[in-house]
1. Hey, does the stretch 56-67 have a residue that's at pLDDT 85 or above and out of contact with any strand residue (DSSP E or B) (no Cβ under 6 Å at 6 or more places or on another chain)?
2. Restricted to the stretch 1-19, and to residues that are of a type in the set (A, V, I, L, M) and touching a helix residue (DSSP H, G or I) at 6+ places or on another chain (Cβ under 8 Å), which residue is modelled with the highest pLDDT?
3. Search the stretch 32-55 for residues being surrounded by fewer than 10 Cβ atoms within 10 Å (Cβ to Cβ) and in a helix (DSSP H, G or I), and hand back the single one that is modelled with the highest pLDDT.
4. If I filter the stretch 41-59 for residues that are touching a residue at least 40 places away in the same chain (Cβ under 8 Å) and either on the phi < 0 side of the Ramachandran plot or more than 18 Å from the chain's Cα centre (by Cα) (or both), do I get at least one hit?
5. Look at Ala82 and say whether it is of a type in the set (Gly, Ala, Ser), in a helix (DSSP H, G or I), touching a helix residue (DSSP H, G or I) at 6+ places or on another chain (Cβ under 8 Å) and at pLDDT below 85.
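The values are calculated or read from the model by the stated rules, or taken from the named source; none is laboratory data. Model, not experiment: these values are computed from the prediction. Counting neighbours? That spans all protein chains shown, and the Cβs are built from the backbone with ideal geometry, glycine included.
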Amino acid sequence: MSEQSESQPRERSGLERLLGERPGGLVIRLVVLSLIVGFIMAVLGIDARYVFQSAVRMVEDALRDGTGLLGNLVRYTLAGAALVVPIWIVLRLLKRR
(Lines give C-alpha, C1' and ligand atoms only; values in the text may rest on other atoms or scores of the structure.)
Protein backbone atom coordinates (compact mmCIF):
# COMPACT_ATOMS: atom_id res chain seq x y z
CA MET A 1 0.00 0.00 0.00
CA SER A 2 1.44 3.26 -1.02
CA GLU A 3 0.90 6.45 0.87
CA GLN A 4 -0.41 8.15 -2.28
CA SER A 5 -3.31 5.70 -2.80
CA GLU A 6 -4.55 6.18 0.76
CA SER A 7 -4.61 9.99 0.58
CA GLN A 8 -6.12 10.21 -2.92
CA PRO A 9 -9.88 9.80 -3.37
CA ARG A 10 -10.84 6.90 -5.56
CA GLU A 11 -11.30 7.48 -9.28
CA ARG A 12 -14.97 7.85 -10.24
CA SER A 13 -16.25 5.71 -13.09
CA GLY A 14 -17.59 7.25 -16.27
CA LEU A 15 -21.13 6.39 -15.20
CA GLU A 16 -20.63 8.11 -11.83
CA ARG A 17 -19.25 11.20 -13.57
CA LEU A 18 -22.21 11.22 -15.95
CA LEU A 19 -24.83 10.80 -13.21
CA GLY A 20 -23.02 12.91 -10.60
CA GLU A 21 -23.07 10.16 -7.97
CA ARG A 22 -23.18 6.40 -7.52
CA PRO A 23 -25.95 4.78 -9.59
CA GLY A 24 -27.43 2.85 -6.63
CA GLY A 25 -27.83 5.98 -4.51
CA LEU A 26 -29.30 7.87 -7.43
CA VAL A 27 -31.87 5.14 -8.11
CA ILE A 28 -32.94 5.14 -4.45
CA ARG A 29 -33.26 8.95 -4.40
CA LEU A 30 -35.25 8.96 -7.63
CA VAL A 31 -37.61 6.25 -6.33
CA VAL A 32 -38.21 8.21 -3.10
CA LEU A 33 -38.69 11.46 -5.03
CA SER A 34 -41.10 9.72 -7.41
CA LEU A 35 -43.07 8.40 -4.44
CA ILE A 36 -43.30 11.88 -2.92
CA VAL A 37 -44.31 13.50 -6.23
CA GLY A 38 -46.85 10.72 -6.88
CA PHE A 39 -48.36 11.23 -3.42
CA ILE A 40 -48.57 14.99 -3.90
CA MET A 41 -50.13 14.55 -7.33
CA ALA A 42 -52.71 12.13 -5.88
CA VAL A 43 -53.55 14.55 -3.06
CA LEU A 44 -53.96 17.37 -5.58
CA GLY A 45 -56.01 15.16 -7.89
CA ILE A 46 -53.52 15.40 -10.74
CA ASP A 47 -53.33 12.47 -13.14
CA ALA A 48 -49.94 11.88 -14.81
CA ARG A 49 -51.69 10.97 -18.06
CA TYR A 50 -53.44 14.35 -17.98
CA VAL A 51 -50.12 16.14 -17.43
CA PHE A 52 -48.58 14.47 -20.49
CA GLN A 53 -51.68 15.05 -22.62
CA SER A 54 -51.68 18.70 -21.58
CA ALA A 55 -48.01 19.06 -22.51
CA VAL A 56 -48.72 17.61 -25.95
CA ARG A 57 -51.71 19.93 -26.31
CA MET A 58 -49.51 22.88 -25.32
CA VAL A 59 -47.03 22.06 -28.08
CA GLU A 60 -49.88 21.67 -30.57
CA ASP A 61 -51.29 25.03 -29.51
CA ALA A 62 -47.88 26.64 -29.85
CA LEU A 63 -47.52 25.28 -33.35
CA ARG A 64 -51.04 26.39 -34.27
CA ASP A 65 -50.82 29.86 -32.77
CA GLY A 66 -48.36 31.48 -30.41
CA THR A 67 -50.97 33.39 -28.40
CA GLY A 68 -52.22 30.35 -26.45
CA LEU A 69 -48.67 29.43 -25.55
CA LEU A 70 -48.13 32.24 -23.07
CA GLY A 71 -51.24 31.43 -21.03
CA ASN A 72 -50.37 27.75 -20.99
CA LEU A 73 -46.77 28.43 -19.95
CA VAL A 74 -47.87 30.54 -17.00
CA ARG A 75 -50.42 27.94 -15.89
CA TYR A 76 -47.93 25.05 -16.23
CA THR A 77 -45.19 27.00 -14.47
CA LEU A 78 -47.42 27.67 -11.48
CA ALA A 79 -48.62 24.05 -11.38
CA GLY A 80 -45.05 22.78 -11.62
CA ALA A 81 -43.86 25.16 -8.92
CA ALA A 82 -46.54 23.80 -6.61
CA LEU A 83 -44.78 20.44 -6.82
CA VAL A 84 -41.14 21.38 -7.34
CA VAL A 85 -40.69 24.02 -4.63
CA PRO A 86 -41.93 21.88 -1.69
CA ILE A 87 -39.86 18.93 -2.92
CA TRP A 88 -36.81 21.16 -3.24
CA ILE A 89 -37.34 22.49 0.30
CA VAL A 90 -37.65 18.97 1.72
CA LEU A 91 -34.51 17.83 -0.10
CA ARG A 92 -32.57 20.85 1.12
CA LEU A 93 -33.68 20.19 4.70
CA LEU A 94 -32.73 16.52 4.43
CA LYS A 95 -29.35 17.42 2.95
CA ARG A 96 -28.46 19.57 5.96
CA ARG A 97 -28.57 16.58 8.28
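1. Scanning the stretch 56-67 turns up at least one residue that is at pLDDT 85 or above and out of contact with any strand residue (DSSP E or B) (no Cβ under 6 Å at 6 or more places or on another chain).
2. Among those that are of a type in the set (A, V, I, L, M) and touching a helix residue (DSSP H, G or I) at 6+ places or on another chain (Cβ under 8 Å), it is Leu15.
3. The extreme case among them is Val43.
4. Looking for residues that are touching a residue at least 40 places away in the same chain (Cβ under 8 Å) and either on the phi < 0 side of the Ramachandran plot or more than 18 Å from the chain's Cα centre (by Cα) (or both), one finds at least one in the stretch 41-59, hence yes.
5. Here the answer is no, as Ala82 does not meet what is asked.
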